[in-house]
Every structure is written in structure tokens, then in C-alpha cells.
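The values are calculated or read from the model by the stated rules, or taken from the named source; none is laboratory data. Here the structure is a predicted model, which is why all the values come from computation and not from measurement. Cβ: placed from backbone, ideal geometry, glycine included. Neighbour counts: every protein chain shown.
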Amino acid sequence: MTVAYPVNRSMNRPMSRRLRPDTTIFLTVLFITILVWVLRGVGILTFLPGSVIWVLLILTIGTGVFSGIQRTRR
């Protein structure tokens, strides 16, 4: 006895999921923060003061919290 399973046509389409703007902003700020932190640690951006790193870290945390709150609202 053969069982016919329903065909899921959506599986044939490529998975193209777009990120929300708040998530994109968070990931961009996170990438910039990590990049500046690593380049400063290596010695390429030694002229930047430590307060720039702190501002980037606080901005990353803030955008992450905002993105998380927006995710729960939708």
C-alpha cells in the first residue's frame, strides 16, 4: 500500500529571507565595533581614544535591545 504525501511546492524555491531594518542596523554596528576593536588591538587604529570603543559598545548594546524589543512587538 502506497501513501501519497502532499507536495510542498515552497521547498523548490530558494530560501531568500530579508532581514528587518533594525536587525540590519544592529549587525552593522556590531561589525563596525568588532572591526574597530580588533584594528585598535593590532595597533593600526591606535590614535583612537578608548571613549570611541565605549561609545560603539554602548551603541551596539542599545541597537541590540531595540532590535529585540521590536522582534517581540511583531
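Out of the residues in the range 42-60 that are among the small types (Gly, Ala, Ser) and at negative phi, state the one that is modelled with the highest pLDDT. Out of the qualifying residues, it is 51.
Remark: pairs (first residue in the range 54-71, more than 10 Å from residue 29 (Cα to Cα); second residue among the β-branched types (Val, Ile, Thr); Cβ separation under 7 Å; 6+ apart in sequence or on different chains) = 67/23.
Evaluate the following for residue 63: is it surrounded by 13 or more Cβ atoms within 10 Å (Cβ to Cβ), at pLDDT 95 or above, touching an Asp or Glu at 6+ places or on another chain (Cβ under 8 Å) and not in a loop (DSSP other than H, G, I, E, B)? Yes.
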